[in-house]
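A short worksheet on the structure shown next.
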């Protein structure tokens, strides 16, 4: 169990990659706090995880948190620290898309995506960093995207946010590495999650065809990387940006 004894916070943890990551972390022995904006989704996720983790000692708990609201984040981190005495891992997974071409994008669309994906990542990292520095140990993992490496048509706001969170880890790796804190970014490609539900079948087929492996990725394939990066097996990986794309960018 690679994460035995570790306490992890996962934002956007009620579905998709976040939920798969919570499940994987539990399997690896971590205590997991999942955060999301929707209480019914959190309750369902926590219930599912407790059922599948039956017999495991590691607990899972849920928190209603809007990552754009710093007081909510601070309150959640304080509760986790009070219950468990530490925070070892933060997975900044929460994110949204509101797509439009530059000529059609509204200020509201741009601002909301930046607020959740970029400022939310900053908010959560800043909320845990003092605890990690005091511990002399911590891992911060930011969810970027293949779009954060190469851009994408109709995603000015999303691309900017995902480029930005890579900039965060490059900077934090320098600032926090000497304090025992590792920071890395993960860049998923086309992963079969609810975020793709609005994409037409024709476009989905085109996306799949572009991937050398000729299939979409599974959430657990991204979760496996997060678990590795959170573990001591990745103890010398800091400031890295790792793709999980099935070879999309080859």
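Read-outs throughout are calculated quantities, based only on the coordinates presented, and are distinct from any laboratory measurement. The model shown is predicted, which means the values in this text are computed figures rather than measured ones. As a convention, Cβ positions derive from the backbone with ideal geometry for all residues, glycine included, and neighbour counts pool all protein chains shown.
Compute the relative contact order of the stretch 123-250 as a whole-number percentage, counting only Cα pairs closer than 8 Å that sit 6 or more residues apart in sequence.
30 percent
Translational diffusion of the chain, estimated by Stokes-Einstein from the Kirkwood radius over alpha carbon pairs at 37 °C in a medium of 0.692 mPa s, is 181 µm² per second. Both the radius of gyration and Dmax for the stretch 1-92 are 11.9, 35 Å, in that order, over alpha-carbon atoms.
Taking R0 as 51 Å, what FRET efficiency do you get between residue 233 and residue 196 from their Cβ-Cβ distance, rounded to the nearest 0.05? FRET efficiency, residue 233 to residue 196: 0.95. Relative to the longest principal axis of the Cα atoms of the chain, the long axis of helix 156-176 makes an angle of roughly 30 degrees. If the segment from residue 51 to residue 84 were pulled out straight at 0.36 nm per residue, it would be longer than the present Cα-Cα gap by 9.7 nm. What is the order of 166, 181, 96, 34, fewest Cβ neighbours within 10 Å to most? If I rank by nearby Cβ atoms, fewest first, I get 96, 166, 181, 34. Once both labels are positioned 7 Å from their Cα atoms along Cα-to-Cβ, the gap between residue 220 and residue 179 label points is 3.7 nm. Take every Cα pair under 8 Å whose residues are at least 6 apart in sequence, average their separation, divide by the length of the stretch 1-131, and the relative contact order is 26 percent. For the chain, the relative contact order works out to 20 percent when only alpha carbon pairs closer than 8 Å and six or more residues apart are counted. Calculated mean residue ellipticity, 222 nm, the chain: -14000 deg cm²/dmol, from DSSP H runs (n ≥ 4) at -39500 (n - 2.57) each, averaged per residue and rounded to 500.
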